[in-house]
1. Could you give the dipole magnitude of the chain about its Cα centre, charging the beta-carbon of Lys and Arg +1 and that of Asp and Glu -1, in debye to the nearest 20?
2. Restricting things to Cα coordinates, could you compute the convex hull volume per residue of segment 31-90 in Å³?
3. With 10 angstrom as the radius, rank L15, L336 by how many other C-beta atoms surround their C-beta, starting from the fewest.
4. Please sort 41-49, 261-269 by packing, taking for each peptide the average over its residues of neighbouring beta carbons within 10 angstrom, highest first.
5. For a quick protection proxy, order the peptides 318-325, 236-243 by their average other-Cβ count within 10 Å, most packed first.
6. Kindly provide the helix-only [θ] at 222 nm of the chain, computed as the sum of -39,500 (n - 2.57) over DSSP H runs of four or more divided by all residues, to the nearest 500 deg cm²/dmol?
7. Over the chain, what is the relative contact order in percent, taking alpha-carbon pairs closer than 8 angstrom and at least six residues apart?
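Read-outs: derived from the displayed coordinates by stated rules, not from any lab. Source: prediction; values computed, not measured. In this analysis, Cβ positions are derived from the backbone assuming ideal geometry, glycine residues included, and neighbour counts consider all displayed protein chains.
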Amino acid sequence: MSGPETTAEERFGHLFALIDDPVVEVEFVDHTPVVRAVNPAFEAVFGYDRETVVGASLNDFIVPEDAVGESEQFDRRTAQGKPNTELVTRQTSTGPREFLYRGVPYERDGGQYGFAIYTDITEQRRYEQHMQVIHRLLRHDLRNELQVVLTAAEQVTERAETPAVADFGDTITTHARQLLTSGEETRTVERVLTADHDPEPTDVAALARSVATTEAAVHGVPVATTLPDHLFVEGVPWLRAAVAALVENGVVHGSDSPRVEVSARRRQDRVAVEVADDGPGIPQSVRGPVFEDCDITQLQHNTGIGLWLARWVAEACGGHLGYQRCDGWTRVRVWLRPTEPDDESLDAG
């Protein structure tokens with residue numbers, strides 16, 4: 001026979017004690033948030049034990065001097081029964097850290113109370129800042145320097161007095177262009193990872209057909225297509241860049257006379273956009289991290305950037321990326337969610 005059911009208050013007590021985010025219960029006394037309880041996560045993250053802070057003003061311990069006005073504004077809102085959500089910097093016993101703060105007001109026994117919930121986002125914010133710096137370098141410094149290298153290499157080729165020197169110029173030109181392409185894909189990756197964009201109805205058949213035509217013209221290699229007239233999926237603006245990256249991979253890493261095929265078809269509740277090439281396949285060191293979530297041990301050339309781009313774009317669309325090697329062909333599939341066209345999509349078509 002089961003024991004008595006736990007009350008809502010008891011269940012809340014378990015949540016309060018075990019949740020990973022620091023939580024503080026405060027009572028507003030003359031507009032001051034006086035601490036009535038803290039959970040273990042607060043003690044661990046902020047470094048103050050409950051005996052030290054209970055009965056004292058929360059602001060005296062965790063609000064930096066330059067954020068007093070901001071904190072008082074939050075306190076007024078919570079005391080008036082209004083919730084708060086904001087990114088804030090708060091002081092811990094080991095220094096300032098960044099948090100997502102949520103203030104949840106409630107009344108009890110005629111008094112005004114509230115819960116202050118803090119989610120530590122310090123490392124996430126640092127990572128975002130580091131990524132911004134890296135991408136800024138790729139956008140400006142690396143691109144500008146490569147343009148100089150590319151121009152000089154082309155002049156070496158044009159003015160070469162021997163075939164060997166001309167070959168050196170061609171080699172430099174080829175690799176400089178590959179690095180420029182890698183930089184463009186990296187900038188697209190940045191936008192995919194940082195922008196907030198809801199998927200919209202996208203005619204992936206028309207998109208893939210356009211990509212195949214463009215890439216064939218750029219590389220001078222025929223790209224075969226097996227596509228319906230129209231096939232709508234939930235897509236983000238970078239879906240075209242993802243398909244183009246896969247086609248370019250197929251052209252660059254295919255056989256000596258590469259054959260590349262692009263197809264799309266609906267398979268039950270998913271749409272598969274497939275790019276196939278007759279090359280030797282994707283090395284394990286490159287495909288393992290992308291398709292199998294293996295550790296990244298070594299970056300080889302720029303082959304992995306386009307695959308990562310395709311994977312993250314697929315995930316942004318609510319789908320995933322798949323890989324298959326069979327019958328001498330490498331097949332990479334972008335799995336997407338089918339949808340119906342909206343009025344704008346029909347008008348565009």
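1. On the way: 32 positive and 58 negative charges, 153 e Å.
Here the size comes out at about 740 debye.
2. Values: hull volume 5.7 nm³, N = 60.
Taking the convex hull of the Cα positions in segment 31-90, it is 94 Å³ per residue.
3. Numbers: L15 10, L336 27.
Listing L15, L336 from fewest to most nearby Cβ atoms yields L15, L336.
4. Numbers: 41-49: 17.8, 261-269: 15.0.
Sorting 41-49, 261-269 by mean packing, highest first, produces 41-49, 261-269.
5. Working: 318-325: 16.2, 236-243: 23.2.
The peptides rank, most packed first, as 236-243, 318-325.
6. Estimated from H runs of four or more residues: -14500 deg cm²/dmol.
7. Details: 584 pairs, mean separation 37.7, N = 349.
Rounded, it is 11 percent for the chain.
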